[in-house]
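These notes concern the structure reproduced below.
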Amino acid sequence: MQRAIGRVALFLQRPSNLFISAGILSGGIICIKSAPHIFSGLLFTQLYQSHNRQGAPCQLVSSQKREFRDVCQDLCIKPKGYDVFVISQFGIMWRGLPWFSSGVKFGIPEILQDNPDVSTERFPEPIKSKLNSEEGQKLKKALSFSQNARKFALAKELSLIQKNFPMYSIVLAPCFITANFCLVALLQITNLVALPNYILLILLTIPLYCVYQFAMSIITEKTDLKCDEKLIELGAAYRQGGVEYYEKRLEKNIALRKLLGKKGEKLFTYYGNEKPAGFFGLRSFGAPITQKLNRMQKSLNDQ
């Protein structure tokens, strides 16, 4: 092990080898991050597709097909590149991009329909045993959406796909890796720091990783809000659906926070927003739900 580390340290001492390493690592990161989207048909559907008690894949109901088709029409999207199927999760999930050869695998939750099944069989412990409590009833109520809210949820995810959202991470991560190696090479050439290159790489990786997480959070939040602005322009039905959708998400998160105890407190704030994750909590899942709800309510009142 020590001999291998010594060989790596010796290899990284030459500036030319730093650039070679940067190219290899950047290419590897691009492959790793793009693989789930390029080869989404291999595993994604098999992992998340919902099945009935006989083991057969669940089929989309007529209302789900109609709502997906209507939303695509409202957003001027051709549904040809989308493989839509039913998933057992509570939120919409997707992989891929329309211009990839494999297209988009788009999973619609089984509960995203009229009169959804929210029986105890759908919930894991410890939620299952607490469904009859006040918070459990609030959780089940928060999982039932009107047609406008369901169409808004579909439109929000389709808008993210239209903006090629996965490409930000695929492109940005290799840029920071390359910058790390180039900065080390520059420090070695100029003799500004008298440290081995592998030590410099370790020391610079931590701050650059924090900057990457922070940059991705900003991009995620900006893209999130821009998608909402686009949906606001589609009319009053989407604004009403957006208000209900975000209200229900907050209610669901607040209920889960109480049902899950300490784990729920780590995941959600007192008001129902999702807490940032990642290194030092720098990675955001999007703009705060309360902020998005306020924007939707304002747009609805201003119409």
If we keep only residues of the stretch 268-293 that are modelled with pLDDT of 90 or more and out of contact with any Phe, Trp or Tyr (no Cβ under 9 Å at 6 or more places or on another chain), then the residue nearest to Arg239 (Cα to Cα) is Gln291
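Among the residues of the stretch 154-166, write down those that are assigned to a helix (DSSP H, G or I) and either among the basic types (Lys, Arg) or without any contact (Cβ under 8 Å) to a residue 40 or more places away in the chain (or both). Before the answer, list the steps.
If we filter the stretch 154-166 for residues that are assigned to a helix (DSSP H, G or I), which is where we start, we get 154-162, 166.
Matches in the stretch 154-166: Lys156 only.
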With respect to Lys156, is the statement that it is surrounded by 16 or more Cβ atoms within 10 Å (Cβ to Cβ) and more than 23 Å from Ile77 (Cα to Cα) true?
no
If you go through Lys151, Lys138, Lys105, the only one that is over 14 Å from the mean Cα position of the chain (by Cα), buried (at least 16 other Cβ atoms within 10 Å of the Cβ) and not in a helix (DSSP H, G or I) is Lys105
Across the stretch 51-101, the tally of residues that are under 27 Å from Leu139 (Cβ atoms), at pLDDT 90 or above and among the hydrophobic types (A, V, I, L, M, F, W, C) stands at 11
Residues of the stretch 183-197 being open to solvent by 50 Å² or more (accessible area, probe 1.4 Å) and either in a helix (DSSP H, G or I) or within 16 Å of Gly23 (Cα to Cα) (or both), in sequence order, are Leu183, Leu186, Ile189, Thr190
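Does Phe106 fit the bill of being among the aromatic types (Phe, Trp, Tyr) and closer than 15 Å to Asn164 by Cα?
On the way: among the aromatic types (Phe, Trp, Tyr): yes; closer than 15 Å to Asn164 by Cα: yes.
It is true that Phe106 is among the aromatic types (Phe, Trp, Tyr) and closer than 15 Å to Asn164 by Cα.
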Expected output for the stretch 219-237 (first residue open to solvent by 20 Å² or more (accessible area, probe 1.4 Å), partner in a helix (DSSP H, G or I) and among the hydrophobic types (A, V, I, L, M, F, W, C), Cβ below 8 Å, 6+ apart or cross-chain) is Ile219/Leu172; Ile232/Met296; Leu234/Ala155; Ala236/Leu300
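This table checks each residue for (1) among the polar types (S, T, N, Q); (2) under 17 Å from the mean Cα position of the chain (by Cα); (3) on the phi < 0 side of the Ramachandran plot; (4) modelled with pLDDT of 90 or more.
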| site | (1), (2), (3), (4) |
| --- | --- |
| Ser159 | yes, yes, yes, yes |
| Gln188 | yes, no, yes, no |
| Asn191 | yes, no, no, no |
| Leu195 | no, no, yes, no |
For Leu293, the lone unmet condition from (1) under 18 Å from Ala142 (Cβ atoms); (2) not in a helix (DSSP H, G or I) is (2)
Flagged in the stretch 25-58 as open to solvent by 30 Å² or more (accessible area, probe 1.4 Å) and not in a helix (DSSP H, G or I), in numbering order, are Phe39, Gln49, His51, Asn52, Arg53, Gln54, Gly55, Ala56, Pro57
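Based on what the data block shows, is Ile177 touching a residue at least 12 places away in the same chain (Cβ under 8 Å), more than 29 Å from Glu221 (Cα to Cα) and either part of a helix (DSSP H, G or I) or not acidic (Asp, Glu) (or both)? Walk me through how you get there before you give the answer.
Values: touching a residue at least 12 places away in the same chain (Cβ under 8 Å): yes; more than 29 Å from Glu221 (Cα to Cα): no; either part of a helix (DSSP H, G or I) or not acidic (Asp, Glu) (or both): yes.
No.
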Ser144 vs (1) within 15 Å of Ser88 (Cβ to Cβ); (2) assigned to a loop (DSSP other than H, G, I, E, B); (3) at pLDDT 85 or above: all pass except (1)
Only unsatisfied item for Val86, checking (1) of a type outside the set (Asp, Glu); (2) within 23 Å of Leu250 (Cβ to Cβ); (3) part of a strand (DSSP E or B), is (2)
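The values are calculated or read from the model by the stated rules, or taken from the named source; none is laboratory data. Since the structure is predicted, the reported quantities are computational estimates derived from the model, not experimental observations. Because the Cβ atoms are built from the backbone with ideal geometry, glycine has one as well, and the counts that use them run over all protein chains shown. When the accessible area is computed, the model is the full protein with side chains, heavy atoms only, and any ligands, DNA or RNA have been set aside. Shrake-Rupley method; radii C 1.70, N 1.55, O 1.52, S 1.80 Å.
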